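Novice: Following this message is one structure expressed as structure tokens.
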């Protein structure tokens with residue numbers, strides 16, 4: 001019997017550029033449809049970690065979107 005207990009952690013950095021930054025971290029499916037918002041609010045520059053509840057998602061490929069003050073960065077993410 002195999003038991004998986006590892007919880008996926010999403011780590012990201014808000015760059016130094018002043019005070020509070022409008023931040024949104026979301027997950028989209030392979031079709032680009034948003035399936036979850038992990039964080040949506042304001043954050044100071046620094047390093048952050050968000051825990052991903054993988055039980056909410058089917059196995060497969062996802063797109064992680066990080067938006068800070070209108071600038072968007074994307075990464076692909078595999079959940080199995």
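The values are calculated or read from the model by the stated rules, or taken from the named source; none is laboratory data. Remember, it's a predicted structure, so these values are computed and weren't measured experimentally. So basically every Cβ, Gly included, is an ideal-geometry build from the backbone, and we count neighbours across all protein chains shown.
Novice: Output the residues belonging to segment 10-38 that are outside any strand (DSSP E or B), surrounded by 11 or more Cβ atoms within 10 Å (Cβ to Cβ) and either over 14 Å from the mean Cα position of the chain (by Cα) or modelled with pLDDT under 95 (or both).
Specialist: Matches in segment 10-38: 15, 20.
Novice: Going by the conditions given, is residue 54 closer than 23 Å to residue 6 by Cβ, modelled with pLDDT under 95 and exposed (fewer than 15 other Cβ atoms within 10 Å of the Cβ)?
Specialist: Considered against the rule, which asks whether it is closer than 23 Å to residue 6 by Cβ, modelled with pLDDT under 95 and exposed (fewer than 15 other Cβ atoms within 10 Å of the Cβ), residue 54 comes out as yes.
Novice: Sticking with this structure for a sec: Looking for something assigned to a loop (DSSP other than H, G, I, E, B), at pLDDT 95 or above, at negative phi and surrounded by 10 or more Cβ atoms within 10 Å (Cβ to Cβ) - is there at least one such residue anywhere in segment 58-73?
Specialist: Scanning segment 58-73 turns up no residue that is assigned to a loop (DSSP other than H, G, I, E, B), at pLDDT 95 or above, at negative phi and surrounded by 10 or more Cβ atoms within 10 Å (Cβ to Cβ).
Novice: Mind checking which pairs have a first residue in segment 16-30 that is free of Cβ contacts under 8 Å to residues at least 60 places away in the same chain and at negative phi and a second that is surrounded by 12 or more Cβ atoms within 10 Å (Cβ to Cβ) and part of a loop (DSSP other than H, G, I, E, B), Cβ under 6 Å, 6 or more apart or different chains?
Specialist: Every condition considered, the pairs that remain are 16/45; 21/69; 22/69.
Novice: Follow-up. Say whether the condition of being surrounded by 14 or more Cβ atoms within 10 Å (Cβ to Cβ), part of a strand (DSSP E or B) and at pLDDT 95 or above is met by at least one residue in segment 39-47.
Specialist: Yes: one or more hits.
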